1. Considering only the stretch 73-91, I want to know if a residue exists there that is modelled with pLDDT under 95, in contact with an Asp or Glu (Cβ under 9 Å, 6 or more places away or on another chain) and among the β-branched types (Val, Ile, Thr).
2. Looking at the stretch 43-66, can you tell me whether even one residue there is surrounded by 12 or more Cβ atoms within 10 Å (Cβ to Cβ), touching a strand residue (DSSP E or B) at 6+ places or on another chain (Cβ under 7 Å) and of a type in the set (S, T, N, Q)?
3. Collect the residues in the stretch 1-17 that are part of a helix (DSSP H, G or I) and acidic (Asp, Glu), keeping them in residue-number order.
4. With the checklist (1) over 22 Å from HIS6 (Cα atoms); (2) outside any helix (DSSP H, G or I); (3) small (Gly, Ala, Ser); (4) modelled with pLDDT of 65 or more in hand, flag the one item ALA45 doesn't pass.
5. On the given criteria, is SER39 in contact (Cβ under 8 Å) with a residue 24 or more places away in the chain and among the hydroxyl-bearing types (Ser, Thr, Tyr)?
Amino acid sequence: MDYAAHIAHMFKDSTGTSPERAIKALERIGPCTFNAVFSTLAAVAVMGTSESYVFRILFKTLFLVVIIAGAHGLWLLPAILSLVGGSRDPIETGVVEVAKEAEAYKEPAPATVGDAGQGA
């Protein structure tokens, strides 16, 4: 039940402005998080039909925890992060530097047949 942690991790790894990062995080891990909330609720729902007092209390507790945690992870946290999360440029992540280094270390293209007669 760490739905908010998954969203926060994807937000941390995303680049752009705060709203862009929140949207990217939800696009990337949001469906998986929603499936986790839904499947946990489906598993807990079986206890709701029990006649045992203990299972009914456990059902109410788990149901409430999953609903609140899911709402915080899928709704509240992205909203807060989009307002105060800050922007992150791709340059800060090192992506641009890695691409430039890879370009610098490319091997030269092999000589073609027409190039053989020309030279020093």
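1. Checked against the condition, which is being modelled with pLDDT under 95, in contact with an Asp or Glu (Cβ under 9 Å, 6 or more places away or on another chain) and among the β-branched types (Val, Ile, Thr), the stretch 73-91 yields at least one hit.
2. Scanning the stretch 43-66, I find no residue that is surrounded by 12 or more Cβ atoms within 10 Å (Cβ to Cβ), touching a strand residue (DSSP E or B) at 6+ places or on another chain (Cβ under 7 Å) and of a type in the set (S, T, N, Q), so the answer is no.
3. Residues of the stretch 1-17 part of a helix (DSSP H, G or I): 3-13.
Within the stretch 1-17, just ASP13 meets the criteria.
4. (2)
5. Numbers: in contact (Cβ under 8 Å) with a residue 24 or more places away in the chain: no; among the hydroxyl-bearing types (Ser, Thr, Tyr): yes.
For SER39, the condition - in contact (Cβ under 8 Å) with a residue 24 or more places away in the chain and among the hydroxyl-bearing types (Ser, Thr, Tyr) - is not met.
The values are calculated or read from the model by the stated rules, or taken from the named source; none is laboratory data. None of these values were measured; they are calculated from a predicted model. Because the Cβ atoms are built from the backbone with ideal geometry, glycine has one as well, and the counts that use them run over all protein chains shown.
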